[in-house]
Amino acid sequence: MAQSRTRPSRSDAEAAVRTLIEWAGDDPDREGLLDTPGRVVRAYEELFSGYESDPREYLERTFEEVAGYDELVVLRDIRVVSFCEHHMLPFLGKAHVGYLPSDRVVGISKLARVVHGFARRLQIQEKLTSEIAGAIHDILQPKGVGVVIVSEHSCMTMRGVNTPGSRLTTSSLTGVIRDDPRTRQEFLEFVRNG
(Lines give C-alpha, C1' and ligand atoms only; values in the text may rest on other atoms or scores of the structure.)
Protein backbone atom coordinates (compact mmCIF):
# COMPACT_ATOMS: atom_id res chain seq x y z
CA MET A 1 0.00 0.00 0.00
CA ALA A 2 1.41 3.38 -1.02
CA GLN A 3 1.90 6.00 1.65
CA SER A 4 0.32 9.37 1.09
CA ARG A 5 2.74 12.26 1.01
CA THR A 6 2.26 15.66 2.54
CA ARG A 7 2.57 18.29 -0.15
CA PRO A 8 5.28 20.88 0.60
CA SER A 9 4.10 24.45 1.14
CA ARG A 10 4.60 27.29 -1.32
CA SER A 11 7.37 28.68 0.90
CA ASP A 12 9.07 25.25 0.85
CA ALA A 13 8.95 25.27 -2.96
CA GLU A 14 10.31 28.83 -3.15
CA ALA A 15 13.14 27.88 -0.76
CA ALA A 16 14.00 24.97 -3.04
CA VAL A 17 14.28 27.36 -6.01
CA ARG A 18 16.52 29.66 -3.95
CA THR A 19 18.73 26.65 -3.18
CA LEU A 20 18.97 25.77 -6.88
CA ILE A 21 19.94 29.35 -7.72
CA GLU A 22 22.69 29.22 -5.10
CA TRP A 23 23.77 25.76 -6.28
CA ALA A 24 24.06 27.11 -9.84
CA GLY A 25 26.48 29.72 -8.50
CA ASP A 26 24.36 32.86 -8.35
CA ASP A 27 23.00 35.02 -5.54
CA PRO A 28 19.22 34.63 -5.01
CA ASP A 29 19.24 38.03 -3.27
CA ARG A 30 20.53 39.75 -6.42
CA GLU A 31 17.99 42.28 -7.77
CA GLY A 32 17.25 40.32 -10.96
CA LEU A 33 16.71 37.07 -9.04
CA LEU A 34 14.92 38.39 -5.97
CA ASP A 35 11.41 37.53 -7.21
CA THR A 36 12.48 34.48 -9.25
CA PRO A 37 11.51 31.81 -6.67
CA GLY A 38 7.93 33.08 -6.56
CA ARG A 39 7.74 33.34 -10.35
CA VAL A 40 9.08 29.78 -10.78
CA VAL A 41 6.56 28.38 -8.32
CA ARG A 42 3.67 30.19 -10.05
CA ALA A 43 4.88 28.89 -13.43
CA TYR A 44 5.12 25.34 -12.06
CA GLU A 45 1.57 25.61 -10.69
CA GLU A 46 0.39 26.14 -14.25
CA LEU A 47 2.79 23.71 -15.91
CA PHE A 48 1.89 20.88 -13.50
CA SER A 49 -1.82 21.66 -13.14
CA GLY A 50 -2.67 18.18 -14.44
CA TYR A 51 -2.28 16.83 -10.92
CA GLU A 52 -5.19 18.97 -9.70
CA SER A 53 -7.96 17.21 -11.66
CA ASP A 54 -8.86 14.00 -13.47
CA PRO A 55 -8.69 14.66 -17.24
CA ARG A 56 -11.06 11.74 -17.82
CA GLU A 57 -13.91 13.84 -16.38
CA TYR A 58 -13.80 16.09 -19.47
CA LEU A 59 -15.18 13.19 -21.52
CA GLU A 60 -18.24 12.51 -19.39
CA ARG A 61 -20.61 14.91 -21.18
CA THR A 62 -21.44 13.40 -24.55
CA PHE A 63 -23.94 13.93 -27.35
CA GLU A 64 -26.08 11.13 -28.76
CA GLU A 65 -27.89 13.15 -31.43
CA VAL A 66 -25.37 12.56 -34.20
CA ALA A 67 -27.78 11.96 -37.14
CA GLY A 68 -26.28 8.54 -37.76
CA TYR A 69 -22.69 9.83 -38.01
CA ASP A 70 -20.42 6.78 -37.89
CA GLU A 71 -17.13 7.90 -39.42
CA LEU A 72 -13.83 8.92 -37.86
CA VAL A 73 -13.59 12.03 -35.70
CA VAL A 74 -10.03 13.40 -35.74
CA LEU A 75 -8.67 16.50 -34.02
CA ARG A 76 -5.17 17.38 -35.20
CA ASP A 77 -2.38 19.62 -34.02
CA ILE A 78 -3.28 19.89 -30.34
CA ARG A 79 -0.33 21.65 -28.73
CA VAL A 80 1.49 19.47 -26.18
CA VAL A 81 3.54 21.04 -23.39
CA SER A 82 4.80 18.44 -20.94
CA PHE A 83 7.84 17.66 -18.80
CA CYS A 84 10.14 14.67 -18.96
CA GLU A 85 10.12 12.91 -15.61
CA HIS A 86 13.81 12.06 -15.93
CA HIS A 87 15.22 15.61 -16.23
CA MET A 88 12.22 17.85 -15.53
CA LEU A 89 12.84 19.53 -18.86
CA PRO A 90 10.01 20.27 -21.30
CA PHE A 91 8.98 18.37 -24.36
CA LEU A 92 6.88 20.29 -26.86
CA GLY A 93 4.92 19.06 -29.80
CA LYS A 94 1.53 18.17 -31.21
CA ALA A 95 -1.02 15.48 -30.52
CA HIS A 96 -3.43 14.07 -33.08
CA VAL A 97 -6.44 12.36 -31.52
CA GLY A 98 -9.19 10.39 -33.24
CA TYR A 99 -11.93 7.93 -32.50
CA LEU A 100 -14.64 6.02 -34.35
CA PRO A 101 -17.83 6.67 -32.36
CA SER A 102 -20.21 3.88 -31.40
CA ASP A 103 -23.32 5.89 -30.59
CA ARG A 104 -22.14 9.19 -29.10
CA VAL A 105 -19.59 11.92 -29.56
CA VAL A 106 -17.88 14.41 -27.28
CA GLY A 107 -17.32 18.13 -27.86
CA ILE A 108 -14.00 18.58 -29.66
CA SER A 109 -12.67 21.02 -27.05
CA LYS A 110 -12.91 18.16 -24.56
CA LEU A 111 -10.38 16.15 -26.59
CA ALA A 112 -7.92 19.04 -26.32
CA ARG A 113 -8.63 19.35 -22.59
CA VAL A 114 -7.88 15.66 -22.07
CA VAL A 115 -4.53 16.07 -23.87
CA HIS A 116 -3.67 19.16 -21.81
CA GLY A 117 -4.80 17.56 -18.55
CA PHE A 118 -2.56 14.53 -18.94
CA ALA A 119 0.31 16.56 -20.43
CA ARG A 120 0.57 18.87 -17.40
CA ARG A 121 2.36 16.18 -15.36
CA LEU A 122 5.83 14.69 -15.10
CA GLN A 123 6.05 11.65 -17.40
CA ILE A 124 7.43 10.07 -20.51
CA GLN A 125 5.77 10.62 -23.87
CA GLU A 126 4.91 6.95 -24.28
CA LYS A 127 2.85 7.03 -21.05
CA LEU A 128 1.16 10.29 -22.07
CA THR A 129 0.09 8.78 -25.42
CA SER A 130 -1.28 5.68 -23.74
CA GLU A 131 -3.14 7.62 -21.01
CA ILE A 132 -4.95 9.81 -23.54
CA ALA A 133 -6.00 6.82 -25.66
CA GLY A 134 -7.03 4.83 -22.59
CA ALA A 135 -9.22 7.61 -21.23
CA ILE A 136 -11.05 8.08 -24.55
CA HIS A 137 -11.45 4.31 -24.96
CA ASP A 138 -12.74 3.75 -21.41
CA ILE A 139 -15.13 6.70 -21.18
CA LEU A 140 -16.54 7.03 -24.71
CA GLN A 141 -16.37 3.30 -25.53
CA PRO A 142 -15.90 3.97 -29.25
CA LYS A 143 -15.19 1.33 -31.88
CA GLY A 144 -11.56 2.48 -31.86
CA VAL A 145 -9.17 5.21 -30.73
CA GLY A 146 -6.02 6.61 -32.28
CA VAL A 147 -3.51 8.95 -30.63
CA VAL A 148 -0.25 10.09 -32.22
CA ILE A 149 2.11 12.53 -30.52
CA VAL A 150 5.14 14.08 -32.19
CA SER A 151 7.40 16.21 -30.00
CA GLU A 152 10.88 17.57 -29.44
CA HIS A 153 12.47 16.77 -26.09
CA SER A 154 14.72 19.47 -24.68
CA CYS A 155 16.51 16.86 -22.55
CA MET A 156 17.98 15.71 -25.90
CA THR A 157 18.12 18.96 -27.81
CA MET A 158 19.74 21.31 -25.24
CA ARG A 159 21.86 18.86 -23.24
CA GLY A 160 23.12 15.31 -23.40
CA VAL A 161 23.44 14.26 -27.05
CA ASN A 162 22.54 17.80 -28.25
CA THR A 163 20.44 16.85 -31.26
CA PRO A 164 18.25 19.87 -32.11
CA GLY A 165 15.42 19.08 -34.48
CA SER A 166 15.07 15.42 -33.51
CA ARG A 167 11.49 14.47 -32.77
CA LEU A 168 9.92 11.49 -31.03
CA THR A 169 6.73 9.98 -32.46
CA THR A 170 4.52 7.74 -30.32
CA SER A 171 1.17 6.17 -31.08
CA SER A 172 -1.55 4.26 -29.31
CA LEU A 173 -4.25 2.61 -31.40
CA THR A 174 -7.18 0.55 -30.11
CA GLY A 175 -10.10 -1.37 -31.58
CA VAL A 176 -10.79 -1.04 -35.29
CA ILE A 177 -8.26 1.76 -35.68
CA ARG A 178 -5.60 -0.77 -34.72
CA ASP A 179 -7.14 -3.95 -36.18
CA ASP A 180 -8.87 -2.89 -39.43
CA PRO A 181 -6.20 -1.99 -42.03
CA ARG A 182 -8.53 0.39 -43.92
CA THR A 183 -9.60 2.30 -40.81
CA ARG A 184 -6.01 2.41 -39.56
CA GLN A 185 -4.83 3.79 -42.92
CA GLU A 186 -7.63 6.39 -42.98
CA PHE A 187 -6.71 7.61 -39.47
CA LEU A 188 -3.01 7.82 -40.30
CA GLU A 189 -3.79 9.71 -43.53
CA PHE A 190 -5.81 12.25 -41.55
CA VAL A 191 -2.88 12.63 -39.15
CA ARG A 192 -0.34 13.08 -41.98
CA ASN A 193 -2.33 15.20 -44.39
CA GLY A 194 -5.18 16.79 -42.47
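The values are calculated or read from the model by the stated rules, or taken from the named source; none is laboratory data. What you see is a predicted model, and the numbers here were worked out from it, not measured in a lab. Glycine gets a Cβ as well: all are built from the backbone with ideal geometry, and neighbour counts include every protein chain shown. Ligands, DNA and RNA are stripped out before the accessible areas are found, and what is left, the full protein with its side chains, is counted by its heavy atoms. Shrake-Rupley method; radii C 1.70, N 1.55, O 1.52, S 1.80 Å.
Residues of the range 101-124 with the amide nitrogen closer than 13 Å to a label point 7 Å from the Cα of residue 70, along Cα-to-Cβ, please.
Output list for this probe position: 101-104.
With springs only between Cα atoms under 10 Å apart, run a GNM on the chain and tell me which of 161, 74, 145 wobbles the most.
Taking springs between Cα atoms under 10 Å, the residue moving most is 161.
Most mobile of 34, 59, 100 per a Gaussian network model of the chain (Cα springs, under 10 Å)?
34
Tell me the relative contact order for the chain as a rounded percent, counting alpha carbon contacts under 8 Å between residues six or more apart.
On the way: 325 pairs, mean separation 37.5, N = 194.
Computed over the chain, the figure is 19 percent.
If I stretch the segment between residue 7 and residue 24 completely, what's the gain in nm (0.36 nm per residue apart, minus their alpha carbon distance), one decimal? Walk me through the numbers before you get to the answer.
On the way: separation 17, 0.36 × 17 = 6.12 nm, distance 2.52 nm.
Extending this stretch completely gives an extra 3.6 nm.
May I ask you to derive the FRET efficiency for residue 155 and residue 104 from their Cβ-Cβ distance with R0 = 30 Å, giving the value to the nearest 0.05? Mind showing how you got there, number by number?
Values: r = 39 Å, r/R0 = 1.31.
Efficiency at R0 = 30 Å is approximately 0.15.
What list of ³J(HN,Hα) values in whole Hz, one per residue of the range 39-56 in order, does the Karplus curve 6.51 cos²θ - 1.76 cosθ + 1.60 (θ = phi - 60°) give from phi, with Gly and Pro shown as x?
Coupling constants for the range 39-56: 5, 4, 5, 5, 5, 5, 4, 6, 5, 10, 5, x, 7, 7, 8, 9, x, 4 Hz.
Full extension from residue 54 to residue 122: what is 0.36 nm times the residue separation minus their Cα-Cα distance, to one decimal in nm?
Numbers: separation 68, 0.36 × 68 = 24.48 nm, distance 1.48 nm.
Here the answer is 23.0 nm.
With runs of 4+ DSSP H residues as the only contributors, calculate the mean residue ellipticity of the chain at 222 nm using -39,500 (n - 2.57) per run, divided by the residue total and rounded to the nearest 500.
Details: 7 runs with 77 residues, N = 194.
Calculated at 222 nm, the ellipticity per residue is -12000 deg cm²/dmol.
Give the angle, between 0 and 90 degrees and rounded to the nearest 10, that separates the Cα long axis of helix 108-119 from the longest principal axis of the Cα atoms of the chain.
Relative to the chain, helix 108-119 is tipped by roughly 40 degrees.
Need one number: % antiparallel among DSSP beta bridges in the chain, to the nearest 5.
Values: 29 of 31 bridges.
Given both bridge residues lie in the chain, the antiparallel proportion sits at roughly 95 percent.
Quick one: net charge around residue 12, please, counting Lys, Arg +1 and Asp, Glu -1 for every other residue with C-beta under 13 Å from its C-beta.
Details: positive: 5, 7, 10, 18; negative: 14.
Net charge in that neighbourhood comes out at +3.
To the nearest 20 debye, what charge dipole does the range 114-194 have about its Cα centre, counting +1 at the Cβ of each Lys and Arg and -1 at the Cβ of each Asp and Glu? Before the final figure, lay out each step's value.
Numbers: 10 positive and 8 negative charges, 41 e Å.
My answer is approximately 200 debye.
Farthest toward the dipole's positive end in the chain, which of 15, 41, 175, given Cβ charges of +1 (Lys, Arg) and -1 (Asp, Glu) about the Cα centre?
175
Where the accessible area of the chain is counted over protein heavy atoms with a 1.4 Å probe, how much of it, in %, is carbon and sulfur? Intermediate results must be reported in sequence, preceding the final value.
Details: 5890 of 11720 Å².
Ligands and nucleic acids excluded, carbon and sulfur reach 50 percent.
Radius of gyration and Dmax for the range 47-194's Cα atoms, expressed in Å?
When restricted to Cα atoms, the range 47-194 yields Rg and Dmax of 15.5, 53 Å.
Which of these, 71, 126, 22, has the largest mean-square fluctuation under a Gaussian network model of the chain (Cα springs below 10 Å)?
With Cα springs under 10 Å in the chain, the top fluctuation among 71, 126, 22 is at 22.
Taking just the alpha carbons, could you work out the radius of gyration and Dmax for the range 4-95, both in angstroms?
Considering the range 4-95 through its Cα atoms, Rg and Dmax are 20.1, 65 Å.
In whole Hz and in residue order, list the ³J(HN,Hα) couplings for the range 66-81 that follow from phi through the Karplus curve 6.51 cos²θ - 1.76 cosθ + 1.60, θ = phi - 60°; x for Gly and Pro.
For the range 66-81, the Karplus-derived couplings read 10, 6, x, 4, 9, 10, 4, 10, 10, 10, 9, 6, 7, 4, 10, 10 Hz, x marking Gly and Pro.
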